[in-house]
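Contents: one structure, followed by commentary.
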Amino acid sequence: MGSAGGPAEVLAEDVTITGGTDGLFVATEGTHVTLRSSIVSGQKPPSAGLSNRSRGASAVDGGLLTIERSIFRDIVADAALVGDAGSVEASETVIHGVRVDGNAARGHGISVTAAGHIKMRASAIVDAESIGVFGKDLGSSLELLDTVVRGPAKSGTVPTATFLVSSERSGIGLEITTGAKATVENSAIVDSWAYGAYADTTAAMTKTRSTLTMKTSLIENTRPSPGRPRRPSPSASGSCRPAPPSPSTTSE
């Protein structure tokens, strides 16, 4: 694992980071790590019984991670990229193959929490088993610019009789909840399952409404979850919302 705490300025170029619980960990205000032309792969949770969770690369507690022309692949983790009260800015980067491992790895492509921020530009997120792009918590934000999100080949979740959809192994394209914000511009979300893009705007969220803004973007071929032929319909703005009756999702 590569790690940096601050304040510090670190450049890692043309490196390969394989295995471990975390590929790259950036923490504290004033710490800036740049990862360039590199490959990160093979991260997975530690032995059963340990509380550590796996991540491809994460920025926490005010840390800043910049990623350029790099690849994250074949990872069993909460997410390939995590902004947990920290910021990640990635360009010309590919995320491919993020898997679930019970409660130890959620299988998201990218994830922001606790007022974190992730910006993806000219990049691709492909084959994240649960959710391609996930954000939660007031103050958290996501930006997808000139980026493609493509779902997995199959979905492992079946909606309940009341149309609840578990996020685990669902293949959802984008989901934001509990006050998070997402901006999608000149991007495409394709071959997802259940929802292409979903923003939680239930009555319980009135004071912390999630916000999804889409411009000149595409949502295409959103497939129904196995067992129940329901799919979201694109709205006039190009975003997706659940077909009635309105389902909700369960995510951590």
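Of all the strands (runs of 3 or more DSSP E) wholly in segment 105-184, which have at least 3 residues that are among the β-branched types (Val, Ile, Thr), touching a His at 6+ places or on another chain (Cβ under 9 Å) and on the phi > 0 side of the Ramachandran plot?
The strands (runs of 3 or more DSSP E) meeting that bar number zero.
All conditions but one from (1) part of a strand (DSSP E or B); (2) among the charged types (D, E, K, R); (3) farther than 22 Å from ILE176 by Cβ apply to GLU29; the one that does not is (1). Scanning segment 71-88 for residues that are touching a Phe, Trp or Tyr at 6+ places or on another chain (Cβ under 8 Å) and within 7 Å of ALA59 (Cα to Cα) yields a count of 0. Please indicate, with yes or no, whether at least one residue in segment 82-92 is within 20 Å of SER192 (Cβ to Cβ) and either of a type outside the set (S, T, N, Q) or assigned to a loop (DSSP other than H, G, I, E, B) (or both). No, every residue in segment 82-92 fails to be within 20 Å of SER192 (Cβ to Cβ) and either of a type outside the set (S, T, N, Q) or assigned to a loop (DSSP other than H, G, I, E, B) (or both).
Pairing residues of segment 97-120 that are free of Cβ contacts under 8 Å to residues at least 40 places away in the same chain and surrounded by fewer than 24 Cβ atoms within 10 Å (Cβ to Cβ) with residues that are among the charged types (D, E, K, R) and in a loop (DSSP other than H, G, I, E, B), at Cβ distances under 8 Å and at least 6 apart in sequence or on separate chains, gives ARG99/GLU129; THR113/ASP137; ALA114/ASP137; ALA115/ASP137. Applying the condition of being hydrophobic (A, V, I, L, M, F, W, C) and either modelled with pLDDT of 95 or more or touching a Leu at 6+ places or on another chain (Cβ under 8 Å) (or both) to segment 121-139 and asking which residue is surrounded by the most Cβ atoms within 10 Å (Cβ to Cβ) yields ILE131.
The values are calculated or read from the model by the stated rules, or taken from the named source; none is laboratory data. Predicted model only: the values in this text are computed from it and were never measured. A quick note on method: Cβ atoms are made from the backbone with ideal geometry, for glycine too, and the neighbour counts reach across all protein chains shown.
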